[in-house]
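Coordinate-derived values only; no laboratory data. The structure displayed is predicted, hence computed values, not measured ones. Note that we place each Cβ from the backbone using ideal geometry, even for glycine, and neighbour counts take in every protein chain shown.
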Amino acid sequence: MSTPFASAAPYYARYRPPYPREFHTLLADRFALDGSQTVLDLGAGPGTLGLSVAPLADHVYAVDPEPAMLAEGARLAADRGITNISWLRGDDACITRLCLPRIDLCVIGRAFRRMDRGRVLADLDEVLAPRGGVAVVESLYRPGDPRAAWLTVVEEVRERFLGPGRPGQSGQSDRDDWGELVDCLAKSPLSRVETHQWDQPVRHTVDEVIGLQLSFSSSGPDQLGDRMAAFETELRRALLDHDPRGTYARTLRIGAAVATRPRR
């Protein structure tokens, strides 16, 4: 059975901003990635994390419940000549049933919020190598940072087509959730936690802003249905009325938490 992300998959693969270089440097340094490690990308989507880690690993297992996401990831891997990723359909409840080898690193993006986090971390403790660990990464709220005015334009158009209160519109976390996620890690078997943050400037074209909206499960093609073309037309008009230059900037704050077993 498909998830709400099925129709959003190609837009997700194309329009979601990549994670910053500093995050990948952190992974390479913290886990001594030298091409010999086995990596699990859990809640992989189209492999946003797995594809970038693959050149530093021996093998990557990309796991996601949505076949359309896995298909997009496999297509991107083929386009880039990446051959060391296995695309596996599964969710956060099946980690211990996938018959995986020992995992040196598990990477998880925003999907961690939708998982049974306590169970996932206990299951990962069973499959991780002795010096293995988990790295969770996502966009955060930036305290005191004024909201980019063009995001308000996007929200107004979304509300006219989809109604108020749809989640995931800006791609940013609720301001209090990051602390809860870090606390969950600290209470798990992987209780040695370090956190990092970076500010990532992002610039979008009109097409990229529209594609980004279509990448969310709350506003993907399935949600818009036969109103999709009208949504794209109205959003394009509203954005260009707001700023005819057609370039829309914001700064994302990216948070990463690395969790490993405590030293003995």
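Points worth noting:
- Sorted ascending by nearby beta carbons within 10 Å, beginning with the fewest, 180, 234 become 180, 234.
- Karplus-derived 3J(HN,Hα) values for the range 257-264, using 6.51 cos²θ - 1.76 cosθ + 1.60 with θ = phi - 60°, are 10, 10, 10, 9, 5, x, 5, 10 Hz; glycine and proline are entered as x.
- The label-point distance for residue 205 and residue 187, in a model that sets each label 7 Å from Cα toward Cβ, rounds to 4.7 nm.
- Looking at the chain, the DSSP beta bridges with both ends there are about 55 percent antiparallel.
- In order along the range 16-28, the Karplus-derived 3J(HN,Hα) couplings, from 6.51 cos²θ - 1.76 cosθ + 1.60 at θ = phi - 60°, round to 5, x, x, 6, x, 4, 4, 5, 5, 5, 4, 4, 4 Hz, and Gly and Pro are given as x.
- Gain upon complete extension [residue 28, residue 147; 0.36 nm per residue less C-alpha separation]: 39.5 nm
- Gain on full extension, evaluated as 0.36 nm per residue between residue 238 and residue 122 minus their Cα-Cα distance, stands at 37.0 nm.
- Phi-based couplings in Hz for the range 81-90 (Karplus 6.51, -1.76, 1.60; Gly and Pro marked x): x, 8, 10, 9, 10, 9, 9, 10, 7, x
- Fewest-first sequence of 178, 198 by Cβ atoms within 10 Å of each Cβ: 198, 178
- Counting 0.36 nm for each residue step from residue 227 to residue 99 and taking away their Cα separation leaves a gain of 41.7 nm.
- Counting neighbouring Cβ atoms within 10 Å and putting the fewest first, the residues 94, 184, 99 line up as 99, 94, 184.
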